[in-house]
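Here the structure comes first, spelled out in structure tokens, and everything after it is commentary.
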Amino acid sequence: MMHRRTFVGLSLAAGAGALVSACAPEAPAGPTIRDIFNSNASFSTLAQALAQANVQSLGDTGPFTVFAPRNSAFAKLPEGELERLMQPENREELARILQLHVVPGSHPASALVNRTTTLVTLSGLSIIVDGFNGLNVGGVNVVQPDVMASNGVIHVVDGVILPPA
């Protein structure tokens, strides 16, 4: 009799476990934020900077919101600044700047328009998103919102967000 109860108990537990795992949401399929940056030529400078700074989080589960500068945004930096930041001795400064573009959580454009929002970035600093008359974040404009990835959302920006002086 004891063996029968144990068997029934184990069978019920196994069945419940299978039911719970069948109902659990699956991770969204598709490329991660890092995959998108690595596969899109418009983000080659950003992908190179992320690798140089050893910023790994964008391949993780997330969700993250990234205000992603295209190559043309990096080209707007003062002459020689990008090259200076890419030097190994400036890796920490580069990482802080890149982390200023990343916010934990998913913040689609629909949650940011028609309001002013303060978001805390991975660098620990806050950025202000002005959602009136388009989207402006940290002084740069969102030129392509809501590029969806399996681990978050990318908003393409026309400049590099820099920490306050």
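Just give me the residues in region 87-116 being more than 18 Å from Ala165 (Cβ to Cβ) and of a type in the set (Lys, Arg), in sequence order.
Hits for region 87-116 are Arg91, Arg115.
If Ser106 passes every condition in (1) on the phi > 0 side of the Ramachandran plot; (2) in contact (Cβ under 8 Å) with a residue 12 or more places away in the chain but one, which one does it miss?
Only one criterion is unmet by Ser106, namely (1).
If Asn38 satisfies every condition in (1) of a type outside the set (Gly, Ala, Ser); (2) at pLDDT 95 or above; (3) in contact with a helix residue (DSSP H, G or I) (Cβ under 6 Å, 6 or more places away or on another chain) but one, which is the exception?
Of (1) of a type outside the set (Gly, Ala, Ser); (2) at pLDDT 95 or above; (3) in contact with a helix residue (DSSP H, G or I) (Cβ under 6 Å, 6 or more places away or on another chain), only one is false for Asn38: (2).
From the set of residues in region 41-69 that are within 13 Å of Ser150 (Cβ to Cβ) and assigned to a helix (DSSP H, G or I), which is modelled with the lowest pLDDT?
Gly59
Considering Pro163, Pro145, which residue is surrounded by fewer than 20 Cβ atoms within 10 Å (Cβ to Cβ) and either touching a residue at least 40 places away in the same chain (Cβ under 8 Å) or in a loop (DSSP other than H, G, I, E, B) (or both)?
Result: Pro163 is the single residue among Pro163, Pro145 that is surrounded by fewer than 20 Cβ atoms within 10 Å (Cβ to Cβ) and either touching a residue at least 40 places away in the same chain (Cβ under 8 Å) or in a loop (DSSP other than H, G, I, E, B) (or both).
Among (1) under 17 Å from Val160 (Cβ atoms); (2) surrounded by 19 or more Cβ atoms within 10 Å (Cβ to Cβ); (3) of a type outside the set (A, V, I, L, M, F, W, C); (4) touching a Leu at 6+ places or on another chain (Cβ under 7 Å), where does Arg34 come up short?
(1)
Counting just the residues of region 128-138 that are outside any loop (DSSP other than H, G, I, E, B) and either free of Cβ contacts under 8 Å to residues at least 40 places away in the same chain or among the polar types (S, T, N, Q) (or both), which one comes out surrounded by the fewest Cβ atoms within 10 Å (Cβ to Cβ)?
If we take residues in region 128-138 being outside any loop (DSSP other than H, G, I, E, B) and either free of Cβ contacts under 8 Å to residues at least 40 places away in the same chain or among the polar types (S, T, N, Q) (or both), then Ile128 is surrounded by the fewest Cβ atoms within 10 Å (Cβ to Cβ).
Checking Ser72 against (1) surrounded by fewer than 14 Cβ atoms within 10 Å (Cβ to Cβ); (2) modelled with pLDDT under 95; (3) within 20 Å of Asn38 (Cα to Cα); (4) not hydrophobic (A, V, I, L, M, F, W, C): exactly one of these is not met. Which one?
(2)
Out of all the residues in region 43-63, which are surrounded by 16 or more Cβ atoms within 10 Å (Cβ to Cβ) and under 19 Å from Gly159 (Cα atoms)?
Of everything in region 43-63, those that are surrounded by 16 or more Cβ atoms within 10 Å (Cβ to Cβ) and under 19 Å from Gly159 (Cα atoms) turn out to be Phe43, Thr45, Leu46, Ala47, Gln48, Ala49, Leu50, Ala53.
Give me the residue from region 104-121 that is hydroxyl-bearing (Ser, Thr, Tyr) and not in a loop (DSSP other than H, G, I, E, B) and, out of that set, surrounded by the fewest Cβ atoms within 10 Å (Cβ to Cβ).
Thr118
The values are calculated or read from the model by the stated rules, or taken from the named source; none is laboratory data. None of the values given here were measured: they were computed from a predicted structure. As a convention, Cβ positions derive from the backbone with ideal geometry for all residues, glycine included, and neighbour counts pool all protein chains shown.
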